[in-house]
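Beneath this line is the structure, given in structure tokens, with notes to follow.
The values are calculated or read from the model by the stated rules, or taken from the named source; none is laboratory data. Just so we're clear, the structure is a prediction, and the values are computed from it rather than from any experiment. Glycine gets a Cβ as well: all are built from the backbone with ideal geometry, and neighbour counts include every protein chain shown. The accessibility values were calculated without ligands, DNA or RNA, using every heavy atom of the protein model including side chains. Shrake-Rupley method; radii C 1.70, N 1.55, O 1.52, S 1.80 Å.
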Amino acid sequence: MKTFIWVTSILLFSVLAACSYGPDSPKGFSLPEGNVAKGEKVFMKYQCLACHAMKGYEDSSLIKEFDTPVPLGGTSAVVKTYAQLVTSVINPSHKLAPRSHFNEEKVTNQDGSSKMRIFNDLMTVQELIDLVAFLQPKYDVKPITYTHYGQYRML
Ligand code: HEC
């Protein structure tokens, strides 16, 4: 009987431990809902198409940085989750996965950082929220469940 209790508690403990979220967990990560139409404007405003290609979008006024632009959207992308999508915009050098399919063109600097422009000093948080709302449906990523703070909502 004693052994049974021990085995059960060890099992229970491991199950509980697996469920707990560490301080680095993305749990609780939630942006407010963005506006897709405004996000499209942000996408054009910051000239993402200088380095990227996206189905249905073109801006011939831009000087292209790469011979083969980095594709955005679709299912073959490195971005697989909503959190990764946000990360790839605000912290492009964060390595999501090996970028073997981009290797023919140098997309990283010599120090290993991304050649992607950093927009953190330019883009407002609202622009980021709208941009991600616009980009998310282009990817096959699961949208986050927005946190609704019912009683704080004015509208
Ligand atoms: C100066 C070039 C450059 C500009 C401008 C640029 N990017 Fe990038 N971006 C890159 C490169 C290079 C990569 C792929 C390599 C990497 O992530 O380091 C990338 C990767 C990404 C990814 C992840 C790609 C994927 O699907 O796996 C996203 C999303 C992205 N960029 C969004 C944007 C958005 C949105 C803008 C405009 C606000 C933008 N980028 C502007 C160069 C650029």
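Quick look at the numbers
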read-out	value
Average accessible surface area per residue within segment 30-99, 1.4 Å rolling probe, Å²	57
Cα-Cα separations in segment 31-142 greater than 24 Å, expressed as whole percent	19
Protection proxy ranking, peptides 121-132, 56-67, average beta carbon neighbours within 10 Å, highest first	121-132, 56-67
Percent carbon-and-sulfur accessible area, segment 31-142, ignoring ligands, DNA and RNA, probe 1.4 Å	54
